[in-house]
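Structure record follows, encoded as structure tokens.
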Amino acid sequence: QHTMPDVPGPEGLDSRAGRLHAVADRLPEAMRADFLRPGPIEIREVDPLDLFEPVRADDRNHIWFRMAGAVGRPAQVQHILLAYASDMALLGSSLRPHGLTWFRRGEVMKASLDHALWLHGPLNFANWHLYTMDAPFTGGARGFNRGSIFDAQGRLVASVAQEGLMRPVKPRG
């Protein structure tokens with residue numbers, strides 16, 4: 001298996017929810033409730049971009065994530081929860097080299113065209129997992145993204161691939 005990247009652990013990293021609450025006044029009124037609503041998955045980004053003024057960055061992206069509701073769930077439910085969570089940040093890897101984020105609505109239209117998940121073994125999604133992502137290709141309004149999900153002990157528990165549609169939105173007027 002590939003080796004888990006050497007990145008800071010989740011302890012000491014800001015939560016995505018905390019980052020969103022810190023900029024709540026900058027979120028458009030129509031979007032604010034959606035972005036500030038508590039979600040079931042706790043996410044901590046290793047190298048987050050500025051949500052509103054992103055700069056071009058490497059396509060490699062790392063997040064730690066877990067789901068408190070996974071405690072004591074059967075293996076099949078753990079896998080279902082991981083499948084749901086694996087779609088949350090992957091497509092954003094294609095935007096990083098272009099200096100874009102999804103938080104600047106009206107700039108980029110997105111849609112997932114396909115998403116595949118390969119499970120390599122048991123997991124406990126109540127514990128932290130490192131999701132390391134990259135986007136080896138973007139072009140023709142599409143982005144191809146890959147992900148590897150490791151448990152905290154460095155064991156590869158899942159692999160992910162996704163192709164997404166990403167188009168600049170033309171200004172009205």
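The values are calculated or read from the model by the stated rules, or taken from the named source; none is laboratory data. Please read these numbers as outputs of a predicted model, since none were measured by experiment. We place every Cβ from the backbone using ideal geometry, glycine too, and count neighbours over all the protein chains shown.
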Pick from the range 1-48, criterion small (Gly, Ala, Ser), touching a residue at least 12 places away in the same chain (Cβ under 8 Å) and outside any loop (DSSP other than H, G, I, E, B), ranking: surrounded by the most Cβ atoms within 10 Å (Cβ to Cβ): 17
The one condition in (1) surrounded by 16 or more Cβ atoms within 10 Å (Cβ to Cβ); (2) assigned to a loop (DSSP other than H, G, I, E, B) that residue 66 fails to fulfil: (2)
Every residue from the range 69-97 that is closer than 21 Å to residue 111 by Cα and assigned to a loop (DSSP other than H, G, I, E, B): 86, 87, 88, 89, 95
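What residue, among those in the range 143-173 that are charged (D, E, K, R) and modelled with pLDDT of 95 or more, is farthest from residue 71 (Cα to Cα)?
Taking the range 143-173 first, the residues charged (D, E, K, R) are 146, 151, 155, 163, 167, 170, 172.
Retained after the next criterion (residues that are modelled with pLDDT of 95 or more): 146, 151, 155, 163.
Working: 146: 27, 151: 15, 155: 19, 163: 31 Å.
Ranking the qualifying residues of the range 143-173, first place goes to 163.
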Answer residue from the range 22-58, given it is closer than 14 Å to residue 102 by Cβ and under 14 Å from the mean Cα position of the chain (by Cα) and is modelled with the lowest pLDDT among those: 51
Matching residues in the range 76-134 - criterion: being touching a Phe, Trp or Tyr at 6+ places or on another chain (Cβ under 9 Å) and small (Gly, Ala, Ser): 85, 86, 89, 92, 94
